[in-house]
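Dropping the structure in here first, questions after.
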Amino acid sequence: MKSLEKKTAIVTGAARGIGRAICLELAERGANIIATDMLRDELNDTVAQCEKQGVGAVAEVADVTKPENIDRLIDIATEKFGALDVMVNNAGITRDTLIVSMTDEQWDAVINVNLRAVFLGTRAAAKVMLRQRSGSIVNMASFSGLSGNAGQANYAASKAGVIGLTKSVAKEMAKRGVRCNAVAPGFIKTDMTDALPQKVKDTVKLVIPMQKFGMPEDIARVVAFLAGPDSAYMTGQVLSVDGGMHC
């Protein structure tokens with residue numbers, strides 16, 4: 001039996017990169033998928049690939065910084081599939097610049113998507129999962145949230161906030177059978193890192209003990225582990241998947 005068979009998962013930021021890989025990994029393990037993003041065409045392709053695994057899948061274009069959109073995702077999960085077993089708060093953006101040049105708009109945009117949306121998704125999922133007395137919430141943090149990163153004050157602050165949120169929620173919900181963990185990726189090969197100049201990529205690899213970028217699938221497999229029964233006694237944890245940067 002597949003580890004997530006007949007389970008239902010919501011994944012935000014699901015159109016490409018890490019979010020897409022998470023959807024495909026969860027679907028391969030048997031989970032029904034509600035995938036959401038702002039990129040309609042890529043999102044539809046993610047869902048089509050999930051459906052090839054023989055699971056139910058729904059594409060929902062939505063701005064996850066708005067609570068009414070999160071509520072709609074929860075309704076889809078419970079009405080179409082009968083439950084919400086896994087919530088993956090993955091959506092994220094960057095607006096990198098040094099703090100002296102950072103605008104209010106750059107700060108607010110990153111905090112809204114990377115932290116506010118995680119709060120909204122976690123809160124909405126928790127209400128369902130606490131009634132069920134079961135469920136797993138997986139939030140996307142980052143190595144930047146653990147150590148900071150020059151030019152990423154907004155991003156690092158948002159991801160550090162995700163870590164604090166995750167640990168607090170885990171303590172609130174543990175005795176009701178609901179778990180909340182986070183994954184902290186390092187440098188992963190996505191459209192975001194592909195856009196970096198080659199000189200920057202070469203320099204970054206020198207500080208990674210494995211001396212290479214990870215792949216989206218590396219993150220997806222860890223998310224699937226936290227979503228499923230093999231991690232049943234884990235909550236409030238932050239798993240670094242970064243090639244050894246924080247070992």
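For segment 173-206, give me the residue count where each residue is acidic (Asp, Glu) and touching a residue at least 24 places away in the same chain (Cβ under 8 Å). Don't jump to the end; show me each part of the working.
Start the filter on segment 173-206 by keeping residues that are acidic (Asp, Glu), which leaves 191, 194, 202.
Subset that is touching a residue at least 24 places away in the same chain (Cβ under 8 Å): 191.
Summing the residues that are acidic (Asp, Glu) and touching a residue at least 24 places away in the same chain (Cβ under 8 Å) in segment 173-206 gives 1.
Looking at Val100, Val88, Val110, can you tell me which residue is assigned to a helix (DSSP H, G or I), closer than 20 Å to Lys66 by Cβ and either under 19 Å from the mean Cα position of the chain (by Cα) or modelled with pLDDT of 95 or more (or both)?
Numbers: Val100 fails: closer than 20 Å to Lys66 by Cβ; Val88 fails: assigned to a helix (DSSP H, G or I).
So the residue among Val100, Val88, Val110 that is assigned to a helix (DSSP H, G or I), closer than 20 Å to Lys66 by Cβ and either under 19 Å from the mean Cα position of the chain (by Cα) or modelled with pLDDT of 95 or more (or both) is Val110.
Something else: With respect to Glu5, determine if the residue is surrounded by fewer than 22 Cβ atoms within 10 Å (Cβ to Cβ) and within 24 Å of Ser231 (Cβ to Cβ).
Yes, satisfied.
Continuing with the same structure: Which condition number in (1) at pLDDT below 95; (2) within 18 Å of the chain's Cα centre (by Cα); (3) not hydrophobic (A, V, I, L, M, F, W, C) is the one that Gly145 fails?
Here Gly145 meets the rest and fails (1).
To keep it simple, each residue is scored yes or no on (1) of a type in the set (Ser, Thr, Tyr); (2) touching a residue at least 24 places away in the same chain (Cβ under 8 Å); (3) surrounded by 14 or more Cβ atoms within 10 Å (Cβ to Cβ).
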residue: Ala31; (1), (2), (3): no, yes, yes
residue: Ala35; (1), (2), (3): no, yes, yes
residue: Leu39; (1), (2), (3): no, yes, yes
residue: Cys50; (1), (2), (3): no, yes, yes
residue: Val86; (1), (2), (3): no, yes, yes
residue: Leu98; (1), (2), (3): no, yes, no
residue: Thr103; (1), (2), (3): yes, no, no
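How many residues, within segment 33-79, are of a type in the set (A, V, I, L, M), assigned to a helix (DSSP H, G or I) and within 17 Å of the chain's Cα centre (by Cα)?
The number of residues fulfilling the criteria is 5.
Also, quick follow-up: Given Ala220, Ala153, Ala224, Ala160, which one is out of contact with any strand residue (DSSP E or B) (no Cβ under 7 Å at 6 or more places or on another chain), at pLDDT 95 or above and closer than 20 Å to Ala83 by Cα?
Working: Ala220 fails: closer than 20 Å to Ala83 by Cα; Ala153 fails: closer than 20 Å to Ala83 by Cα; Ala160 fails: closer than 20 Å to Ala83 by Cα.
Unique residue meeting the criteria: Ala224.
Can you name the helices (runs of 4 or more DSSP H) wholly within segment 128-247 that have at least 2 residues being buried (at least 16 other Cβ atoms within 10 Å of the Cβ)?
Numbers: elements: 143-147, 153-173, 191-194, 198-206, 216-227.
Hits in segment 128-247: 143-147, 153-173, 216-227.
The values are calculated or read from the model by the stated rules, or taken from the named source; none is laboratory data. What you see is a predicted model; the values in this text were computed from it and never measured. Neighbour counts run over all protein chains shown; Cβ positions are idealised from the backbone, glycine included.
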